[in-house]
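The values are calculated or read from the model by the stated rules, or taken from the named source; none is laboratory data. Given the structure is predicted, the values throughout are model-derived calculations rather than measurements. Here the Cβ positions follow ideal geometry from the backbone for every residue, glycine too, while neighbour counts run over all protein chains shown. These area figures cover heavy atoms from the full protein model, side chains too; ligands, DNA and RNA do not enter into them. Shrake-Rupley method; radii C 1.70, N 1.55, O 1.52, S 1.80 Å.
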Amino acid sequence: MGFCWGVRRAIEMMEKAVQERGRIVSLGPIVHNPQVVDTLAEKGIQVASSVEGVDGASIAITAHGTGPDVFDEARSQDVDVVDTTCPIVSRSQRWARKLAESGFTVIVYGDADHREVKGVLSWARGKGIALTEEDLGSLPEDLSSRVAVISQTTQSPARFADFVSSLLKERLDAIGELRVINTLCDVTSSQQAAARELAREVDLMLVIGGRNSANTRHLVEVCREEGVVTHHIEAASGLQDKWFEGCQRVGVTAGASTPDSAVEEVVRRIQALAKAGRG
Ligand code: SF4
């Protein structure tokens, strides 16, 4: 639980860069966690939404990655770039580019509004589309007969497999060639498997992480699928004493972008409640 190695690597790279260069502007929040963003801001790592207006600072690409247009824009404006894209996301981007260049329509299974998905699609240079199960009923008619499917790294393996099989059933008549590349992140899969196992053993699951973190939300879904009462909180301040009434065993897990300190604080609060006889 907690920060995955891709996010730890990105933060370390940015902290090193800010020491060397003085000021860094991250394009979008480094992680979907407001507390971490605030802590990094204190260290001189600010957040902006675009290359414009960074005012001479170096820009940092987050672990989610970005599209080639952002690198082109930075180059054209002579802006220095610290690229902390997670290597697993970079691999996905390379596949998107390669498959699009080979004539495939690239389907990215995932959330069209997620930064990683937007970045990966940019590498397909207009030959890609983001879809989820809900979109299968209204697939674009003009999909090419050569279709490649990759996945947002944080999706669950079981859902990705279901999506691919449903896509094939929906479009078997129109698809001449289907390529499926597994771009899922193992860190995420093992984290989800561990959360599932823990959820089976407890009366209550607490999942700590930003509301916008796809990875954290998937952990919540995975725990709920096990039938256990599950609450999603961003920090210890989100805990409610009444959740623990009659509760014997509590499971705690955290998304890939949740700092260890947030997890430790939640555990301390639960231990204090247990001591006070309410847990
Ligand atoms: S969850 Fe996986 S793909 Fe995403 S940043 Fe972490 S290691 Fe990289």
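Within the range 92-120, residues that are acidic (D, E) have Cβ atoms under 7 Å from residues that are in a helix (DSSP H, G or I) in these pairs: D111/V117; D111/A214; E116/V89, counting only partners at least 6 apart in sequence or on another chain. Exactly one residue among R211, R217 is exposed (fewer than 15 other Cβ atoms within 10 Å of the Cβ) and within 18 Å of V36 (Cβ to Cβ), and that residue is R211. Condition test on D135, is it at pLDDT below 90 and charged (D, E, K, R)? Judged against the criteria, D135 is not a match. Kindly indicate whether R94 is within 30 Å of M14 (Cα to Cα), within 16 Å of the ligand (Cβ to nearest atom), open to solvent by 40 Å² or more (accessible area, probe 1.4 Å) and modelled with pLDDT of 95 or more. Yes: the conditions hold for R94. In this structure, L239 does not satisfy being touching a Phe, Trp or Tyr at 6+ places or on another chain (Cβ under 6 Å), at negative phi and surrounded by fewer than 20 Cβ atoms within 10 Å (Cβ to Cβ).
Yes/no matrix, rows are residues, columns are (1) touching a Lys or Arg at 6+ places or on another chain (Cβ under 9 Å); (2) over 22 Å from L131 (Cβ atoms):
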position: A41; (1), (2): no, yes
position: A60; (1), (2): no, yes
position: T66; (1), (2): yes, no
position: D80; (1), (2): yes, yes
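Annotation: Y109 fulfils all but one of (1) of a type outside the set (A, V, I, L, M); (2) open to solvent by 10 Å² or more (accessible area, probe 1.4 Å); (3) within 23 Å of N212 (Cβ to Cβ); the unmet one is (2). I'm checking my understanding of the structure. Among residues of the range 132-157 that are surrounded by 24 or more Cβ atoms within 10 Å (Cβ to Cβ) and within 16 Å of the ligand (Cβ to nearest atom), which one is farthest from T188 (Cα to Cα)? My answer is I150.
For the range 1-85, please list each of the strands (runs of 3 or more DSSP E) lying entirely inside it that holds at least 1 residues being within 20 Å of the chain's Cα centre (by Cα) and within 16 Å of the ligand (Cβ to nearest atom).
Per the criteria, 24-27, 58-61, 81-83.
Quick one: in the range 200-229, of everything that is more than 17 Å from V263 (Cα to Cα) and among the small types (G, A, S), which residue is modelled with the highest pLDDT? Only one residue fits best here, namely G227.
The rows are residues; the columns are (1) open to solvent by 30 Å² or more (accessible area, probe 1.4 Å); (2) closer than 27 Å to S189 by Cα; (3) without any contact (Cβ under 8 Å) to a residue 40 or more places away in the chain.
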position: V7; (1), (2), (3): no, yes, no
position: G22; (1), (2), (3): yes, no, yes
position: V25; (1), (2), (3): no, no, yes
position: P34; (1), (2), (3): yes, yes, no
position: S58; (1), (2), (3): no, no, no
position: G67; (1), (2), (3): no, yes, no
position: V82; (1), (2), (3): no, no, no
position: I88; (1), (2), (3): yes, yes, no
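Scanning the range 158-192 for residues that are modelled with pLDDT under 90 and open to solvent by less than 60 Å² (accessible area, probe 1.4 Å) yields a total of 7. Scanning the range 104-131 for residues that are within 14 Å of the ligand (Cβ to nearest atom) and of a type in the set (K, R) yields a single hit, R115. Taking the criterion of being in contact with a Leu (Cβ under 9 Å, 6 or more places away or on another chain) and more than 19 Å from E133 (Cβ to Cβ), the only residue of the range 168-180 that qualifies is R179.
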